[in-house]
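Worksheet for the structure shown next.
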Amino acid sequence: MAQLNLKPSDFEPIEYSETEAEKIAGESTSFWKDAWRRFRKNKLALFGVVIIILLGIMSFIGGPISGYNYYSNDLINANQPPSADHWFGTDQLGRDIFARTWYGAKISLFIGLAAAFLDLIIGVFWGATAGFFGGKIDEYMMRIADVLYGVPYLLVVILLMVVMPQGLWTMILAMTVTGWINMARIVRGQVMQLRNEEYVMAAQSLGAGKGRLLFKHLIPNTMGPILVTLTLTIPNAIFTEAFLSYLGLGVPAPLASWGTMSDAALPYLQYQPYQLFFPSFFIVLTMLAFNVMGDGLRDALDPKERN
């Protein structure tokens, strides 16, 4: 067997430049930086983000650009097709559809965002509490959620809209009564997986209280599934508003939303199809944009996809 002739100098570190050291060490990155890097590679998801931003901007500037408001009647110019004066045409009362479309965007997006935000607050609190404490607390809290989940979502919303005064916040609250349950279930499952992780037990051994463990260590580490669920909740709320408007339970006049505009345009579909086309188109476009953004977030925030 050959004998190795090793000298003390063989164990001394070799010289290297700072550039070579950086290449060896690699770029330091966090989970969120890595997620953003992977999200940017999804061109379709980025396109969805751009569409949502543009819709949000137009909801504020669309009306002033048109030179018309959303509520003034002009029966002489009723049911006019798209033209240089009225870019999207006029409705049965002579109101400018372009102005109403972007005012409706503000209402529809507000309903979607507000309902999703309330679902987020209630669902995260409920699910995190049940998952963290477990035992009887978890059992009782999730049985309540299961009972509510057993009642059809749309049926609950419709019943509440019928018995409560019609209005914007009534609709949002009706959507929230059972809309938070899906968020709660997802957060509960994530917290139950994370509560036995080493970093949580280490924080607990160092004296961290239950509140700090929950809000400092557990909930922040479930933000991935929370954000994905949130982006998929918003288009569902927008569609629910449109459906309620079709049933005559939408926002009250003279307020406009994409749902109420679509409902008002249905009787004129044969002769003035443009009245239905524009609000329906933006409902579909918004739902697709949020859905592709949600899919992109799911892929970007999936730990299994990390390099």
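The values are calculated or read from the model by the stated rules, or taken from the named source; none is laboratory data. Because the structure is a prediction, the values reported are computed rather than measured. Heads up, the Cβs are rebuilt from the backbone with ideal geometry, glycines too, and the neighbour counts pull from every protein chain shown. Protein only, heavy atoms only, side chains kept; ligands, DNA and RNA dropped before computing areas. Shrake-Rupley method; radii C 1.70, N 1.55, O 1.52, S 1.80 Å.
Numbers at a glance
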quantity: Alpha-carbon gyration tensor eigenvalues x 5, square-rooted, for the chain, Å; calculated: 51, 29, 13
quantity: Gap separating the Cα centres of region 149-214 and region 245-301, nearest whole Å; calculated: 27
quantity: Chymotrypsin sites (Phe, Trp or Tyr not before Pro) restricted to region 244-307 and DSSP loop, no more than 12 other C-beta within 10 Å; calculated: Y271
quantity: Gain in span if fully extended, Q92 to I61, counting 0.36 nm per residue against the direct Cα distance; calculated: 8.8 nm
quantity: Calculated FRET value between K43 and M223, using beta carbons and R₀ = 25 Å, to 0.05; calculated: 0.55
quantity: Where only C-alpha atoms are counted, convex hull volume of region 227-292 per residue in Å³; calculated: 78
quantity: Percent carbon-and-sulfur accessible area, region 76-209, ignoring ligands, DNA and RNA, probe 1.4 Å; calculated: 67
quantity: Segments 193-199, 293-299 sorted - mean Cβ within 10 Å per residue, highest first; calculated: 293-299, 193-199
quantity: Relative contact order %, the chain, counting alpha carbon pairs below 8 Å whose residues are six or more apart; calculated: 24
quantity: Selected from R38, R188, R143 as most flexible by GNM, with the chain as the system and alpha-carbon contacts under 10 Å; calculated: R143
quantity: For G127, net neighbour charge (Lys/Arg +1, Asp/Glu -1) across residues whose Cβ lies under 9 Å away; calculated: +2
quantity: Relative contact order of region 147-250, defined on C-alpha pairs under 8 angstrom at six or more residues apart (%); calculated: 33
quantity: Nearest-0.05 FRET efficiency for F125 and Y71, computed from C-beta distance (R0 45 Å); calculated: 0.70
quantity: Under the Debye formula (equal points on every Cα, no solvent term), log10 I(q)/I(0) of region 74-140 at q = 0.26 Å⁻¹; calculated: -0.97
quantity: Full-extension gain in nm, D85 to Y149, via 0.36 nm per residue minus C-alpha separation; calculated: 18.1 nm
quantity: Lysine pair number, Cα distance threshold 21 Å (strictly under), the chain, separation 8 or more or different chains; calculated: 8
quantity: Space enclosed by the convex hull of the alpha-carbon atoms of region 127-260, per residue, Å³; calculated: 116
quantity: Heavy-atom accessible surface of region 219-278: percent carbon and sulfur, 1.4 Å; calculated: 70
quantity: Residues of region 239-307: accessible area per residue with a 1.4 Å probe, Å²; calculated: 50
quantity: Residues L266 and Q193, FRET efficiency given R0 of 45 Å [Cβ-Cβ distance, rounded to 0.05]; calculated: 0.40
quantity: Accessible area per residue in Å² at 1.4 Å probe, computed on region 86-154; calculated: 42
